[in-house]
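Enquirer: If you scroll down you'll find the structure; I have some questions about it.
The values are calculated or read from the model by the stated rules, or taken from the named source; none is laboratory data. What you see is a predicted model; the values in this text were computed from it and never measured. Every residue, glycine as well, gets a Cβ built from its backbone with ideal geometry; the counts of neighbours run over all protein chains shown.
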Amino acid sequence: MNHLTEEQLILHYYGETGEAGEAVDSLATEQHLETCSECRGVYGSLQRVLNVVDSLPMPERGPEYGTQVWKRIEHRLPARRRGWFTLPSAWRWVAASAACAALMAAAFFAGRTYPGAPARGQIAAVDKQAGERVLLVAVGDYLERSQMVLIELANANPTAHLDITNEQERAGDLVTETRLYRQTAEHTGDTQIASVLDELERVLVDITHAPSNINPQQLQDLRQRLEADGILFKIRVLGSNVRNQEVPAAKTAGQTL
Amino acid sequence: MECTDLEFVTRARAGDTDAYRVLVERHSRSLFRLAFRMTANQQDAEDVVQESLLRAYKQLAKFDERASFGTWLYRIAVNCSLDLVRSRKRRNEHMAPEDSEMEDPVLSLPSQAPTPDRMAMSGEVRERVADAMKELSASERTAFVLRHFEGMCIEDVSRVLGCQPGAAKHSVFRAVQKLRRALEPLVSTAR
């Protein structure tokens, strides 16, 4: 008769069943233990060890503990932005239209600043320079935040496991922005900027969906990908051009006012 | 009828902080138990509870409504605990195996031949168990805590760990095997 493995005994202790094909049957294990003194001895030892582990003390918290915790964290909760799907339907369309209009303009200006982007004809617009400045600041800020997330991951300690929950949260926020900027860039025909944003979006989505706790190998894979795509460099160039445009835009806007 | 976690999550997402308060009140005690098992220190466990609930609030939008809120929260708490344990390791801080309020009166009793019951309660045994637990890897410790102390099934353990059930099961196996090798001499002498 084959003896039970340690794994089978552990599964039996916890009342778990084995995987398909493992043929761990609780009743069969029980019967085997009744007839096999060797396995019974091993199982007894396992039980005693786990009983000793149970003797570790556990400080209890009373029913009021939850209220105490709430008092400690209440003032530290960030203000929650109103969720998109909590808006009434009509307001969603209003918000969507406004966002699209703003993003169309933002992508237009970002496209103008990207190297090699085709020169655009003059566009007549009221307060054009002031609007341009605001949008450039917004685009610059967005690019900087994207860059920071990628730099933090690229420079993390490569020898240890890493919790990237925080970076994932920020990447998740940036994905939506990136998608909207990219779609707008595509719509306005800025293929180069659309291509950079497409790459950035894919990287951010992958970061968002990665395990929160990544091992050194996964981190190394991510780094290699960032290096291979040259995405950091592209964002840096784009961001730098946007920042360079911010100063003249501010000066022009100041002169206009 | 009492509202489900999901209903409170939906309200909290819409900005209702009172709804989140209910979730905090419901889950704080179990989070503390988990955090204490993971960190073996009361103050650290308190920090983990607070940090986990703050992180969860910030990430509410990411919560998948098909999942269990408790399991999701456990996953965040496990990550917070591991972060804390890792940072403490980096600082080479000494981890006290027990808190002062957990002082064991049995230790002060003179006895040359402890019975198994006395042994099980003694500070020495507790220290050996704590040492053995510290020897477990992060995934082994997490899987073991969730399966053994929290009574989660392997399927749920794998959800918290974010891995396949087979991998979670093997983490439990390895943890129990390591504990058994470390503690078996102790229980044999106590028999």
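Enquirer: For the range A:185-205, which residues satisfy the criterion of being touching a residue at least 12 places away in the same chain (Cβ under 8 Å) and of a type in the set (D, E, K, R)?
Expert: Listed by number, the residues that qualify are A:Asp190, A:Asp198, A:Glu199, A:Glu201.
Enquirer: Starting from residues that are surrounded by fewer than 19 Cβ atoms within 10 Å (Cβ to Cβ) and at pLDDT 75 or above, keep the ones in the range A:234-257 and report whichever is farthest from B:Arg86 (Cα to Cα).
Expert: Ranking the qualifying residues of the range A:234-257, first place goes to A:Val237.
Enquirer: Same structure again: Pick out the one residue from A:Ile193, A:Ile231, A:Ile214 that is closer than 13 Å to A:Ile151 by Cα and at pLDDT 75 or above. Break it down stepwise before answering.
Expert: Details: A:Ile193 fails: closer than 13 Å to A:Ile151 by Cα; A:Ile214 fails: closer than 13 Å to A:Ile151 by Cα.
None of the other options fit; the residue is A:Ile231.
Enquirer: Within the range A:160-171, can one find any residue that is closer than 18 Å to A:Leu226 by Cα, more than 14 Å from every other protein chain (Cβ to nearest Cβ) and of a type outside the set (Lys, Arg)?
Expert: So far as the range A:160-171 goes, no, none of its residues is closer than 18 Å to A:Leu226 by Cα, more than 14 Å from every other protein chain (Cβ to nearest Cβ) and of a type outside the set (Lys, Arg).
Enquirer: Can you spot a residue in the range B:21-41 that is in contact with a Cys (Cβ under 7 Å, 6 or more places away or on another chain) and either β-branched (Val, Ile, Thr) or not in a helix (DSSP H, G or I) (or both)? Outline the logic, then answer.
Expert: Within the range B:21-41, the subset in contact with a Cys (Cβ under 7 Å, 6 or more places away or on another chain) is none.
No, because not a single residue in the range B:21-41 is in contact with a Cys (Cβ under 7 Å, 6 or more places away or on another chain) and either β-branched (Val, Ile, Thr) or not in a helix (DSSP H, G or I) (or both).
Enquirer: Same structure, new question: I need the helices (runs of 4 or more DSSP H) fully contained in the range B:101-191, keeping only those with at least 2 residues that are among the charged types (D, E, K, R) and modelled with pLDDT under 85. Show your work before the answer.
Expert: Details: elements: B:116-121, B:123-134, B:138-144, B:154-161, B:165-190.
Per the criteria, B:116-121, B:123-134.
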